[in-house]
């Protein structure tokens, strides 16, 4: 079987995490050939192999160009490659694919009412309109595709209600050997930030800055939590800078930076900046608690990374967070700094409870596997190919041309 993976939509965060982890597993399959289409700037570390070919382009930055290129140029690339199945990663499908198409849909912003309200409250009308337009194409894409795959059952159900078409759930995975495999130490300046002060309770939130990760609720919880800790120092480590120019997308971080000053928590908030993926495991290991206040998620890879690293988790009470973490996390109402502070205090006050949550998390993290994800995705692809072949055979039989029946069967 030959897979054509359109990864032009993989730009950062979960999209690139997906491509980076799935391609090695595809390359290990002797029964599968893969052609990958991706942005040139993301190709670093990915090379052609016996059964994986990489096509890279240097696209324009805007979504309109990407949509035009995908709809007009990719069908020809698919035919030229000889692929049997198209996997469209990035929420948008081809209107008319020459082969069966699997759409990977993983952007909850198109269906999330909190995000729409948030944009209107911030008077981000440009972003609001952009999201509305993209959501229309994302909904239509579910109907254009032969099958749509979501990274969690929670999000699959949400998409199904939204689009009115069945959506398959295949959990994203986690690869211990890849994540923990690099022995390179952290740069000294970064390690010094993580080590100081030595007796602080270290909280970690892995994300670039955006609105839907709800940084403001986490920041507002810090002074409450600091007061309740009765003198013990705390540090919140962010894997970003609260400056708009240092984050992808059009989200304005200056209000969050100003909030840090207004709350008097500049000492407690440590902005590490972007951490290379191969070093990220060392940052998890240097911290005590993982926390996420996000109000929109489809899977949340950092939760699995945190659990695998042995960190107790405190997460906003979203159905998808409960699906991923189960009993390995404490939960709080997504816009309640007070409740977040109480849950952090429960973890901070009991070393035994922290250990209990950490042990549950390590066990839970073993439920996620990129190898399993790849197997299920390829199983779905094989089913679509067989269905398309049977459909073609039925059409040919109806026309009564036995020679064409034999030709179609040989192709299948």
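The values are calculated or read from the model by the stated rules, or taken from the named source; none is laboratory data. The shown structure was predicted, so the numbers you read here are calculated from the model rather than taken from an experiment. For neighbour counting, all protein chains shown are included, and Cβ atoms are generated from backbone atoms with ideal geometry for every residue, glycine included.
Tell me whether segment 214-224 contains one or more residues that are in contact (Cβ under 8 Å) with a residue 40 or more places away in the chain, in a loop (DSSP other than H, G, I, E, B) and touching a strand residue (DSSP E or B) at 6+ places or on another chain (Cβ under 6 Å).
Going through segment 214-224, the residues in contact (Cβ under 8 Å) with a residue 40 or more places away in the chain turn out to be 214-224.
Those still in the list that are in a loop (DSSP other than H, G, I, E, B) too: 214.
Still in the list and also touching a strand residue (DSSP E or B) at 6+ places or on another chain (Cβ under 6 Å): none.
No, because not a single residue in segment 214-224 is in contact (Cβ under 8 Å) with a residue 40 or more places away in the chain, in a loop (DSSP other than H, G, I, E, B) and touching a strand residue (DSSP E or B) at 6+ places or on another chain (Cβ under 6 Å).
Please work out which one of (1) on the phi < 0 side of the Ramachandran plot; (2) surrounded by fewer than 20 Cβ atoms within 10 Å (Cβ to Cβ) is the condition residue 152 fails and give its number.
Of the numbered conditions (1) on the phi < 0 side of the Ramachandran plot; (2) surrounded by fewer than 20 Cβ atoms within 10 Å (Cβ to Cβ), the odd one out for residue 152 is (2).
Here is a list: 67, 92. Which entry is farther than 25 Å from residue 217 by Cβ and within 20 Å of the chain's Cα centre (by Cα)?
92
Does residue 170 satisfy the criteria of being buried (at least 17 other Cβ atoms within 10 Å of the Cβ) and in contact with a helix residue (DSSP H, G or I) (Cβ under 9 Å, 6 or more places away or on another chain)?
yes
Just need a number here: residues in segment 268-286 that are closer than 26 Å to residue 244 by Cβ and either assigned to a helix (DSSP H, G or I) or touching a strand residue (DSSP E or B) at 6+ places or on another chain (Cβ under 8 Å) (or both).
Taking segment 268-286 first, the residues closer than 26 Å to residue 244 by Cβ are 268-277, 279-280, 283.
Within this subset, residues satisfying the condition of being either assigned to a helix (DSSP H, G or I) or touching a strand residue (DSSP E or B) at 6+ places or on another chain (Cβ under 8 Å) (or both) are 268-272, 277, 279-280, 283.
Residues in segment 268-286 being closer than 26 Å to residue 244 by Cβ and either assigned to a helix (DSSP H, G or I) or touching a strand residue (DSSP E or B) at 6+ places or on another chain (Cβ under 8 Å) (or both): 9 in total.
Kindly evaluate residue 103 against the criterion of being surrounded by 21 or more Cβ atoms within 10 Å (Cβ to Cβ) and either out of contact with any helix residue (DSSP H, G or I) (no Cβ under 7 Å at 6 or more places or on another chain) or within 25 Å of residue 303 (Cβ to Cβ) (or both).
For residue 103, the condition - surrounded by 21 or more Cβ atoms within 10 Å (Cβ to Cβ) and either out of contact with any helix residue (DSSP H, G or I) (no Cβ under 7 Å at 6 or more places or on another chain) or within 25 Å of residue 303 (Cβ to Cβ) (or both) - is met.
With 46, 77, 26 as the choices, which residue is under 21 Å from residue 178 (Cα atoms) and assigned to a helix (DSSP H, G or I)?
Testing whether each residue is under 21 Å from residue 178 (Cα atoms) and assigned to a helix (DSSP H, G or I) leaves just 26.
Every residue, every condition in (1) assigned to a helix (DSSP H, G or I); (2) free of Cβ contacts under 8 Å to residues at least 60 places away in the same chain; (3) in the same structural domain as residue 77 (by TED's automatic domain parsing), yes or no:
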{"position": "106", "(1), (2), (3)": "no, no, yes"}
{"position": "114", "(1), (2), (3)": "yes, no, yes"}
{"position": "128", "(1), (2), (3)": "yes, yes, yes"}
{"position": "136", "(1), (2), (3)": "yes, yes, yes"}
{"position": "141", "(1), (2), (3)": "yes, yes, yes"}
{"position": "149", "(1), (2), (3)": "no, no, yes"}
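So which of 248, 302 ends up being exposed (fewer than 15 other Cβ atoms within 10 Å of the Cβ) and under 26 Å from residue 113 (Cβ atoms)? Before you say what the answer is, go through the steps one by one.
Numbers: 302 fails: exposed (fewer than 15 other Cβ atoms within 10 Å of the Cβ).
After ruling out the rest, the residue left standing is 248.
Could you identify the single residue in 63, 7 that is farther than 25 Å from residue 375 by Cα and either in contact (Cβ under 8 Å) with a residue 24 or more places away in the chain or surrounded by fewer than 21 Cβ atoms within 10 Å (Cβ to Cβ) (or both)?
Numbers: 7 fails: farther than 25 Å from residue 375 by Cα.
Of the residues listed, the single one that is farther than 25 Å from residue 375 by Cα and either in contact (Cβ under 8 Å) with a residue 24 or more places away in the chain or surrounded by fewer than 21 Cβ atoms within 10 Å (Cβ to Cβ) (or both) is 63.
Can you name the residue in segment 256-267 that is in contact (Cβ under 8 Å) with a residue 24 or more places away in the chain and in a helix (DSSP H, G or I) and is also surrounded by the most Cβ atoms within 10 Å (Cβ to Cβ) among such residues? Step through it out loud before you land on a result.
Start the filter on segment 256-267 by keeping residues that are in contact (Cβ under 8 Å) with a residue 24 or more places away in the chain, which leaves 256, 259-260, 263-265.
Okay, now just the ones that are also in a helix (DSSP H, G or I), so 256, 259-260, 263.
Values: 256: 21, 259: 16, 260: 19, 263: 18.
Taking the candidates together, the pick is 256.
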